[in-house]
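Q: Before we start, here is the structure in question, set down as structure tokens.
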Amino acid sequence: MAQTDRRLTPAREQYAPPVVRTDVLEQIQDLCRAMSLWPMTFGLACCAIEMMAAGMARFDMARFGAEVFRPSPRQSDLMIVAGTVNRKMAPALVRLYEQMPAPKWVIAMGNCAISGGPFRSPGQYNVVEGVDKLIPVDIYVSGCPPRPEALLEGLFALQEKITGRRWWPNPTEGMR
Amino acid sequence: MNSAAHIVYVFHLLVILAGGLVATRAVQKDRALVGLITAMFGVAGMYLLMNAPYLALMQLMIYAGAVGVLIFFAVMFTRPAQGQEERGRYLKRPLMAVAAGLLPAATLAAGAFLFIRQAKAQAPEIPVVQLGAGLLGRYALAFELISVVLFAAMAGGVLLGFERRRRR
Amino acid sequence: MFGAITKAYGALKSIAVGLGITGRAVFQEQSTVIYPMAEVKNLGHYRGHIELVGSDADPARPRCVACGQCMDMCPSGCITVETAMAPAELKTNAFIRAESIMGQLTPAAHFDVMIGEREPKRFVLDYSACSLCGQCVRNCPAGALRFSTHAYFLSRDRADFVLDLKERLAGQAEQARQAEQARQAEQARQASGSPQAEGGRTHE
Amino acid sequence: MSLDTPLLSLLLGLAAILAFAGANGIVLVWVERKVAGRCQRRPGPLHVGPYGLLQPLADALKLISKQLITPRRSDRLLYWGAPLLSFMPVPICFLPLPFLPEMATVRLNLGLILILSFIGLNSISLCLAGLGSNNKWSLLGAARAIAQTVSFEIPLLLAALTAVFMAGSMDLHEVMAAQGPWPWQWFGFMNPLALLLFLISAVAETNRAPFDLPEAESELTAGFHTEYSGMGFGIFFLAEYAYILIICGVAAALFLGGQQGPVAPGPWWFLAKMYALVLLVIQLRWTLPRVRFDQLLNLCWRWMTPAALLNILATMLVMLALKGA
């Protein structure tokens, strides 16, 4: 339970800032990064099914350039933590995150990844209560599981976080 | 031969020498193989300089492309664990290497000096048809003998491999 | 020899059939919902997180009688109800019977709650722990809980998923009131002149 | 390749070829993703630029701006040399392709051999990547790449040789000229087996699905390029698309008449045929599942190599008979 558990060691950040750095260049780069977020092929539980559905024909993440599910962490920009992270998986998850080249982002998809979800209870010994204990999370998409469009919305929210504006119409405006 | 050709000649010579040096001196086998392939490229360049493009391309295709890759295959599976490369120094080894290098060099030199001819300024390009006719006609026996030698070498390699495995 | 040829023919034929299928798919109608531009139509039966239901008299005030059944039922303990005594004028003499699953096993667990005696001071849902099992809605004796269609709930902060449902209910009631006012104003405008085709959005 | 060619035109030609290879890679990535989408009844890249046309550009810029990681205890020289080596032969391979009569700056009478010998070098770069990465998956991917390319080079060469026999030359221009404008005068029509063998082994040579075993993602993570991030990976992909184009160009010239066409023969016919073949290769990728490794080698050694040998023999006999008649 204690934070000193070596299986719950958070990821370490190693990132050298770019040599050339100007505002305009940075903006263009951010735009390009936001428009080609390649996720890692990394599903842990049932939410991964919805993640696949988001890549399939009905919702088609490819429309926003995010269908390139890379098998290797070295080539991916986005880690979609889709499912329950248990303690046995935690070191692998942290390692995969550390293997991704900067800049990199994380979407915690589903309630298990956000907080341990239904598995969160006093005295449980197995589930990591929130993936943000291990790696920095950019966007949390809640649901059990979230709908595929909710993952798309998560992608848009991430694009908004990277570039500073929302690029697509927002049908969820009235949905509060 | 004009001066540009000289420069290219020296360049190829350097490539061959550098490749050969890497091939013999590198500790890691994969680097040694890269050196070997570099030397093969240099040799192909030499052929090109002698106006024998067919031979140059064959050199690339068969030696760099096929043989080099096959050696890679062997290296890949014999690679020792990191840091356990053989680093021993033997007196015998350089001697043997010198002997192995001197023998073909001496044979070639003898041949070259015995049958010396005036080097032509610009060698004529021999058409492929003529090459093929020569290989299947006048030089058929020599050609086949080379194949036999290669085959014997390959079979020997396989046999040695089996022998070593049995001993283990 | 003949067998080999038939085998090769079969293999090539299967490749051709496969190419035919994908080739046809290129010209078929696409099954994609162009999501942010077009909305998804089957959200009506989506069951999102729970919401409080407003009472008939005052939509801003929950129907909840603060019996705590939902709290007991929730397998992941994501509901917290803080109880307070309701204002005296709401008090009725009607009782409802609260009955839990646990109650079915041990009949002694039935108990009666007086409607309007108590109300929730705060009704806090930690949605990030919810698994949408629906036990709370099913077991609410007062019918005070419903599922929302809040399908796209995301945030940059984990703390946003802890919702005070009572506050949300008040906000929703306010929104509904404003919408109703706007609708009435629109109707009045339409009645006075310039009849316009009404194109309402179908889903909730 | 005589030395008296003016250096400037050589450099200009090189720059043009490199620009063509780069633009081609970007366009083909878009086409590939669009075709993939269409084959699965979805639109593919759509919102980034009109019809998603800016998508590959965004990808390229993103790849350039990614952090470059060199794995610890990898062989730095081999590791970074490999992607460069994989792209280096590309401009040379473009030289003998019969695009335009003038643009073929070096009209080698050995054009075919030139292309085939330099395409073979690609497998060396895969080996270097596999050995240099210090990664088991990369190593296994490289091992597969070697076994695959070395095996499939044989039916590829034999099939190409069939067309060379029929034309009597290794110059792609002359092979083209030996065919007529109408489809039944093309070597691919006269000898469909050779065309088929050439195409199948071309797909295997360029490591495309269904023969993408060196990078089989379900088994080997990403195969030989597992460790490459950013542009290292990008260059591999640029080279892959360039090789697809080159080998499809060779197939178009050898078997589909190249610039010969029924109406208005010219380079556009060649380009049209080449890109039609590229589209076929892309559609194949999104149609067929990946073969198993033993199936791959069985296909090569038990089916394609004997078929190619028999085919070349039969072609020679027919040619002799025709000559005798």
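Q: Which residue out of D:T287, D:T305 is of a type in the set (S, T, Y), assigned to a helix (DSSP H, G or I) and open to solvent by less than 40 Å² (accessible area, probe 1.4 Å)?
A: D:T305
Q: Kindly provide the set of residues from the stretch B:1-48 that are charged (D, E, K, R) and within 11 Å of chain D (Cβ to nearest Cβ), ordered by number.
A: B:K29, B:D30, B:R31
Q: Have a look at C:G68, C:G10, C:G77 and point out the one that is surrounded by 11 or more Cβ atoms within 10 Å (Cβ to Cβ) and more than 14 Å from chain A (Cβ to nearest Cβ).
A: Exactly one of C:G68, C:G10, C:G77 is surrounded by 11 or more Cβ atoms within 10 Å (Cβ to Cβ) and more than 14 Å from chain A (Cβ to nearest Cβ), namely C:G68.
Conditions (1) within 26 Å of B:P53 (Cα to Cα); (2) open to solvent by less than 40 Å² (accessible area, probe 1.4 Å); (3) more than 14 Å from every other protein chain (Cβ to nearest Cβ), marked per residue:
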| position | (1), (2), (3) |
| --- | --- |
| D:G130 | no, yes, no |
| D:K136 | no, no, no |
| D:L140 | no, no, no |
| D:A145 | no, yes, no |
| D:E153 | yes, yes, no |
| D:L156 | yes, yes, no |
| D:W186 | no, yes, yes |
| D:M190 | no, no, yes |
| D:L195 | no, yes, no |
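Q: What's the total number of residues in the stretch A:53-84 that are open to solvent by less than 10 Å² (accessible area, probe 1.4 Å) and more than 29 Å from C:P36 (Cβ to Cβ)?
A: 1
Q: Can you name every residue in the stretch C:136-165 that is within 24 Å of A:T84 (Cβ to Cβ) and surrounded by fewer than 18 Cβ atoms within 10 Å (Cβ to Cβ)?
A: If the condition is that a residue be within 24 Å of A:T84 (Cβ to Cβ) and surrounded by fewer than 18 Cβ atoms within 10 Å (Cβ to Cβ), then C:F147, C:S155, C:R156, C:D157, C:R158, C:A159, C:D160, C:V162 are the ones that fit.
Q: Continuing with the same structure: For A:Q29, are the conditions met, namely being outside any loop (DSSP other than H, G, I, E, B) and either open to solvent by less than 10 Å² (accessible area, probe 1.4 Å) or at pLDDT below 85 (or both)?
A: Here the answer is yes, as A:Q29 does meet what is asked.
Q: Let me ask another. Can you tell me which residues in the stretch A:100-156 are assigned to a strand (DSSP E or B), more than 7 Å from chain C (Cβ to nearest Cβ) and under 11 Å from the mean Cα position of the chain (by Cα)?
A: A:W105, A:V106, A:I107, A:A108, A:M109
Q: If I ask for residues that are closer than 28 Å to B:A74 by Cα and loosely packed, with under 13 Cβ neighbours inside 10 Å, which ones from the stretch B:2-16 would you list?
A: Answer for the stretch B:2-16, where residues must be closer than 28 Å to B:A74 by Cα and loosely packed, with under 13 Cβ neighbours inside 10 Å: just B:L14.
Q: Within the stretch A:35-46, work out how many residues are within 12 Å of another protein chain (Cβ to nearest Cβ) and under 23 Å from A:I162 (Cβ atoms).
A: Selection size over the stretch A:35-46: 7.
Here's the yes/no breakdown for (1) buried (at least 18 other Cβ atoms within 10 Å of the Cβ); (2) closer than 21 Å to B:L33 by Cβ; (3) modelled with pLDDT of 75 or more:
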site: B:M50; (1), (2), (3): no, no, yes
site: B:L55; (1), (2), (3): no, no, yes
site: B:A64; (1), (2), (3): yes, yes, yes
site: B:M76; (1), (2), (3): yes, yes, no
site: B:R79; (1), (2), (3): no, yes, no
site: B:E86; (1), (2), (3): no, yes, no
site: B:K92; (1), (2), (3): no, no, no
site: B:M96; (1), (2), (3): no, yes, yes
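Q: Okay, moving on. Out of D:Y79, D:Y51, report the one residue that is in a helix (DSSP H, G or I), aromatic (F, W, Y) and exposed (fewer than 15 other Cβ atoms within 10 Å of the Cβ).
A: Working: D:Y79 fails: exposed (fewer than 15 other Cβ atoms within 10 Å of the Cβ).
Sole residue among the options that is in a helix (DSSP H, G or I), aromatic (F, W, Y) and exposed (fewer than 15 other Cβ atoms within 10 Å of the Cβ): D:Y51.
Q: Among the residues of the stretch D:20-34, is any at pLDDT below 85 and facing another protein chain (nearest Cβ under 9 Å)?
A: No, the conditions are met nowhere in the stretch D:20-34.
Q: Now a separate question. Among the numbered conditions (1) under 20 Å from the mean Cα position of the chain (by Cα); (2) open to solvent by less than 40 Å² (accessible area, probe 1.4 Å); (3) at pLDDT 85 or above, tell me where C:Y46 comes up short.
A: The number of the failed condition is (3).
Q: Condition (residue is touching a residue at least 12 places away in the same chain (Cβ under 8 Å) and either within 30 Å of A:P146 (Cβ to Cβ) or aliphatic (A, V, I, L, M) (or both)) applied to the stretch C:2-13: is it met by at least one residue?
A: no
Q: Related question: Do any residues in the stretch A:52-66 that are on the phi < 0 side of the Ramachandran plot have Cβ atoms under 8 Å from those of residues that are in a helix (DSSP H, G or I) and of a type in the set (K, R), where the two are at least six apart or on different chains, and which pairs are they?
A: Filtered contacts from the stretch A:52-66: A:A62/D:R33.
Q: Got a sec? Which of A:T172, A:T84, A:T163 is within 9 Å of chain C (Cβ to nearest Cβ) and hydroxyl-bearing (S, T, Y)?
A: A:T172
Q: Quick check on this structure: which one of D:P56, D:P45, D:P71 is farther than 19 Å from A:W168 by Cβ, within 11 Å of chain A (Cβ to nearest Cβ), in contact (Cβ under 8 Å) with a residue 12 or more places away in the chain and in a loop (DSSP other than H, G, I, E, B)?
A: D:P71
Q: If you don't mind, there's one more thing I want to ask. Considering only the stretch A:52-68, how many residues are within 9 Å of chain D (Cβ to nearest Cβ) and part of a loop (DSSP other than H, G, I, E, B)?
A: 8
The values are calculated or read from the model by the stated rules, or taken from the named source; none is laboratory data. Note that the coordinates shown come from a computational prediction; the quantities given were computed from them, not determined experimentally. Reconstructed Cβ throughout: ideal geometry from the backbone, glycine too, with neighbour counts over all protein chains shown. Heads up: the accessible areas ignore ligands, DNA and RNA and are worked out on the full protein's heavy atoms, side chains in. Shrake-Rupley method; radii C 1.70, N 1.55, O 1.52, S 1.80 Å.
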